[in-house]
Amino acid sequence: MKALILNSGVGSRMGALTARQPKCMTEISSRETILSRQLHQLVFAGIEEVVITTGAFDDVLVQYVQGLSLPLKVTFVHNDRFQETNYIYSIFKAKDYLQDTDLLLMHGDMVFENGVFDRLIAAEGSVVAASSTADLPQKDFKAVIADGKVAKIGIEFFEHAMASQPMYKLTAADWKIWLGKIASFCEAGEVKCYAENALNEVAGEMNLLPLDMKDMLCSEIDNPSDLAVVSSKLKEIEHRTVYMCFSTDVLHSGHIELIKKASRLGKLTVGVMTDEAVASYKRYPLVPFEERKALFEHIEGVSRVVAQTELSYKENLEALQPDYVVHGDDWKAGFQKPVRDEVVSCLAAYGGTLVEFPYASHDKFRQLDARTREEMSLPDMRRGRLKKAIAMKGTVTAIETHSGLTGLLAENTAVYENGKARQFDAMWVSSLCDSTDKGKPDIELVDMTSRFRTIDDIMEVTTKPIIFDADTGGLKEHFIYTVRTLERMGVSMIIIEDKTGLKKNSLFGTEVKQTQDSIENFSEKIAAGKAAQKTKDFMICARIESLILEQGMEDALTRARAFVKAGADAIMIHSRKKDPAEIFEFVEKFRAEDGQTPIVVVPTSFNSVTEEEFKERGVNVVIYANQLMRAGFPAMQKAAESILKNHRAKECDDMCMSFKEIIRLIPADY
Ligand code: SPV
Ligand code: MG
């Protein structure tokens with residue numbers, strides 16, 4: 001795209017200001033003239049070629065532009081008949097430099113704020129700057145709008161008109177039509193009218209739309225009083241403030257571009273989302289908050305960085321009251337929409353404005369995101385994230401997974417309420433569900449090699465931390481190998497239960513014969529596991545079966561104390577009662593003597609308790625141990641019966657998810 005700036009006018013109404021130099025060299029602030037501001041704006045937009053038409057004092061103008069040393073190829077076209085012609089003739093004289101190109105056309109006395117220019121450049125088709133909020137000027141341009149398009153532009157039209165400014169972005173096709181008409185006007189000697197007179201004859205063939213700038217600064221300077229108004233508005237613009245928020249830990253050129261654009265609207269404050277806020281709706285950040293904050297502090301255009309503690313902008317907007325909030329337009333739909341709606345209403349409360357730029361979803365950025373996900377799934381990156389999440393959130397949740405597909409559900413399922421997102425923090429690889437999926441009883445029959453294979457399937461398509469249910473952990477001598485293997489794979493925590501012999505599922509309780517291990521044996525097993533592990537991240541959790549086997553609260557507490565002493569990183573207390581009273585009692589008593597060791601619960605039976613209540617009582621990990629399998633099995637059973645009953649599949653179709661939807665769960669690169 002090229003730019004054409006029309007500077008052949010005499011500017012006689014500027015008085016002494018144009019006695020020795022063209023109007024465009026008038027100072028509008030201590031740092032810039034009308035022209036230097038325009039040229040800097042062009043450079044910023046990436047425009048490389050500018051055609052400037054000149055009239056009086058053309059040598060002064062040429063020297064001035066050269067002295068600015070801007071990275072622009074500037075072609076000067078002198079209109080030697082500037083006294084007796086209008087700019088239509090200047091354009092005609094410059095036409096050889098303006099063929100077959102998209103064009104930014106503006107008068108040399110236009111002053112506009114950066115936002116106007118950005119919007120003009122971003123517009124897809126041909127547009128002219130207009131305002132739906134400005135009063136219709138008596139003597140200046142107005143655009144007549146018909147069917148949303150510009151039908152005519154002139155000073156004499158008032159019906160169906162909007163105030164407009166001589167500032168256009170034109171596609172090569174539209175510009176060709178207009179330029180052709182300008183040429184035929186000039187060739188016929190019509191050189192004293194506006195170029196818009198030619199436009200009005202061909203507007204029907206063009207596709208020129210008004211771009212509504214509302215109250216943004218976009219004015220011509222015709223006289224000293226215009227100059228005073230514009231200069232004071234520019235001062236006010238300089239004091240404007242802008243707010244953006246980032247949760248990313250992979251900064252790419254798309255972000256930098258957005259920051260650059262935002263900083264042109266005013267002093268930019270960047271809100272960096274805290275680790276807790278990021279983890280609540282996305283994933284645990286790869287780069288911790290302090291480092292991400294420092295990163296933004298060093299980016300040009302960022303005036304200051306503050307923490308944003310939630311997905312919601314409300315708190316920071318109410319405190320900072322920025323004139324603008326800038327965001328990509330991707331949040332108009334999807335889970336961020338409620339967040340956007342809240343931003344819109346916060347801004348409306350004090351008169352702020354939301355500015356949305358097209359979201360950059362280039363392949364390059366998608367690849368960066370995919371690479372981040374890959375890194376997150378690597379053993380060293382994944383293993384420690386459970387410990388970090390517990391430390392950060394106090395209480396985390398895990399959902400059962402027994403396959404790649406259920407892993408994807410655990411990874412991707414999210415609900416959004418009140419501007420907040422809720423997701424599972426981790427995955428539980430249950431012995432019950434892993435066995436059931438293979439049609440086998442939960443008695444340590446499915447061997448470790450097969451269990452590792454399940455973990456591998458899940459790991460291949462997910463990034464969240466994994467908690468592995470290792471039943472009794474087997475013989476101490478075998479257990480140490482299990483620990484090492486899981487640690488190597490990137491599993492975060494192993495849970496072993498203090499039972500021995502033929503283990504049965506705890507939910508059978510005392511209905512079947514089950515033997516609890518001795519405190520000594522089990523403590524030795526824990527200690528051996530701890531000695532075998534190589535990293536600090538891996539956690540061994542001791543699961544206490546005293547309540548399941550009706551051995552009493554004291555036994556449970558004695559065991560908890562002993563297992564922590566033996567090195568357990570966490571304690572799981574289990575119960576099969578609907579009433580949570582015994583779980584609460586254990587938590588209360590254990591917490592009274594140990595405030596640190598994480599407590600894990602599996603509320604399959606005592607399922608009325610909310611995560612919030614568990615958290616309040618001091619529980620750190622809540623595992624939903626079998627719900628996905630239990631939800632899936634009856635649905636499959638019903639579908640199978642329906643096919644048998646109806647001798648066809650039509651009737652069960654409504655109970656089935658379409659394969660299209662299932663496939664959408666599976667990322668393209670898997
Ligand atoms: C499992 O999910 O395999 C468990 C939890 O061990 S429970 O079934 O409640 O014993
Ligand atoms: Mg189990």
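The values are calculated or read from the model by the stated rules, or taken from the named source; none is laboratory data. Everything numeric here is computed off the predicted structure, so don't read it as measured data. In this analysis, Cβ positions are derived from the backbone assuming ideal geometry, glycine residues included, and neighbour counts consider all displayed protein chains. Only protein heavy atoms, including side chains, enter the accessible area calculation; ligands, DNA and RNA are left aside. Shrake-Rupley method; radii C 1.70, N 1.55, O 1.52, S 1.80 Å.
Take the Cβ-Cβ distance between THR241 and VAL43 as r, set R0 to 22 Å, and report the resulting FRET efficiency rounded to the nearest 0.05. Once the sixth-power term is evaluated, E becomes 0.35. Under the simplified labelling scheme, the GLN66-ALA639 pair shows an inter-label distance of 7.8 nm, with each label point 7 Å from Cα along Cα→Cβ. With a cut-off of 12 Å between beta carbons, the residues surrounding SER184 carry a summed charge of -1, where Lys and Arg count +1 and Asp and Glu -1. Sorting the segments 290-301, 551-562 by their mean number of nearby beta carbons within 10 angstrom, highest to lowest, gives 551-562, 290-301. Per-atom-type breakdown for the range 240-361 gives carbon and sulfur 50% of the accessible area (1.4 Å probe, protein chains only).
Tell me the mean residue ellipticity at 222 nm calculated for the chain from its helices only (DSSP H runs of n ≥ 4, each -39500 (n - 2.57), averaged over every residue, nearest 500).
Only helices count here, giving -12500 deg cm²/dmol.
What separates the Cα centres of the range 511-551 and the range 50-84 is a distance of 85 Å.
Of the trypsin sites (Lys or Arg not before Pro) in the range 3-50, which ones lie in a loop per DSSP and count no more than 11 other C-beta atoms within 10 Å?
Passing both the DSSP loop test and the Cβ count: ARG20, ARG31.
Residue-wise HN-Hα couplings along the range 52-59, as the Karplus relation 6.51 cos²θ - 1.76 cosθ + 1.60 with θ = phi - 60° gives them from phi, are 10, 8, 10, x, 5, 6, 5, 5 Hz; Gly and Pro carry x. Using R₀ = 45 Å, calculate the FRET efficiency as 1/(1 + (r/R₀)^6) where r is the Cβ-Cβ separation of GLU291 and ARG630; round to 0.05. FRET efficiency, GLU291 to ARG630: 0.60.
If you roll a 1.4 angstrom probe over the protein chains with everything in place, what fraction of the accessible area of the range 499-544 belongs to carbon and sulfur, to the nearest %?
On the way: 1190 of 2120 Å².
Looking at the range 499-544 in its full context, I get 56 percent from C and S.
With a cut-off of 14 Å between beta carbons, the residues surrounding LEU557 carry a summed charge of -4, where Lys and Arg count +1 and Asp and Glu -1. Under 5 Å between amide hydrogens, built in the peptide plane, is the criterion, and for VAL51 it picks out ALA3, LEU4, ILE5, THR75 among residues at least 5 positions away or on other chains. Rolling a 1.4 Å probe over the protein heavy atoms gives the chain an accessible area of 46 Å² per residue. For the range 416-534, a simple Cβ point-charge model (Lys and Arg +1, Asp and Glu -1, everything else neutral) yields a dipole of about 180 debye relative to the Cα centre.
Along the charge dipole of the range 309-348, pointing to its positive end and built from +1/-1 on Cβ of Lys, Arg, Asp and Glu, which listed residue (THR309, GLY334, ALA319) has its Cα farthest out? Final value for the positive-end residue is GLY334.
Report the extension gain between GLU156 and ILE443 in nm, rounded to one decimal, defined as 0.36 nm multiplied by the number of residues separating them, less their alpha carbon distance. Extra length from GLU156 to ILE443 when fully extended: 94.3 nm. Between ALA16 and ASN646, full extension at 0.36 nm per residue minus the direct alpha carbon distance yields a gain of 217.3 nm. For the peptides 67-75, 569-577, residues were scored by their other Cβ atoms within 10 Å and the scores averaged per peptide; the highest-first order is 569-577, 67-75.
Assuming charge only on the beta carbon of Lys and Arg (+1) and of Asp and Glu (-1), the dipole of the range 137-283 about its Cα centre is about 460 debye to the nearest 20. What's the center-to-center distance, using Cα atoms, between the range 227-284 and the range 181-215 in Å? Here the two parts' Cα centres lie 38 Å apart.
Peptides 589-595, 283-289, ordered by how many other C-beta atoms sit within 10 Å of their residues on average, highest first, read 283-289, 589-595. Evaluated at q = 0.05 Å⁻¹, the base-10 log of the normalised Debye intensity for the chain, with identical point scatterers placed on the Cα atoms, takes the values -0.40.
To the nearest 20 Debye, how big is the dipole of the chain about its Cα centre, given +1 on the beta carbon of each Lys and Arg and -1 on that of each Asp and Glu?
Magnitude of the dipole: close to 920 debye.
Taking the charge dipole of the chain about its Cα centre, with +1 at Lys and Arg Cβ atoms and -1 at Asp and Glu Cβ atoms, the residue from VAL77, MET629, VAL512 reaching farthest to the positive side is VAL512.
Listed by chain and number, the aspartates and glutamates placed with their C-alpha closer than 17 angstrom to that of LYS233 are GLU27, GLU32, ASP109, GLU113, ASP215, GLU220, ASP222, ASP323; residues fewer than eight positions away on the same chain are left out. The antiparallel fraction among DSSP beta bridges confined to the chain stands at about 30%. Candidates THR449, SER435, THR482 compared by Cα position along the dipole of the range 435-486: farthest toward the positive end lies THR482, with charges placed on Cβ.
What FRET efficiency comes out for the pair MET489/ALA348, r = Cβ-Cβ distance, R0 = 56 Å, nearest 0.05? Once the sixth-power term is evaluated, E becomes 0.65. Our estimate of slack between SER132 and LEU475, defined as 0.36 nm per intervening residue step minus the Cα-Cα distance, is 115.5 nm. Anything over 19 Å Cα to Cα? Flag those among LYS267/LYS293; LYS73/LYS95; LYS176/LYS214; LYS2/LYS95, in the order listed. The answer is LYS176/LYS214. The phi torsions of the range 128-145, fed into the Karplus equation with coefficients 6.51, -1.76 and 1.60 and a -60° offset, translate into couplings of 10, 5, 9, 9, 8, 9, 6, 5, 5, x, 5, 10, 9, 5, 9, 9, 8, 9 Hz, rounded to whole numbers, with Gly and Pro shown as x. Remark: spin-label model distance PHE508-GLN321 equals 6.9 nm, labels positioned 7 Å along the Cα→Cβ axis.
Using a 1.4 Å probe over the heavy atoms of the protein chains, calculate the carbon and sulfur portion of the accessible area of the range 434-482 as a whole percent.
Here it works out to 55 percent.
Here's how it looks for GLY154: its modeled amide H is under 5 Å from those of LYS142, VAL144, which are all 5 or more places away or on a different chain.
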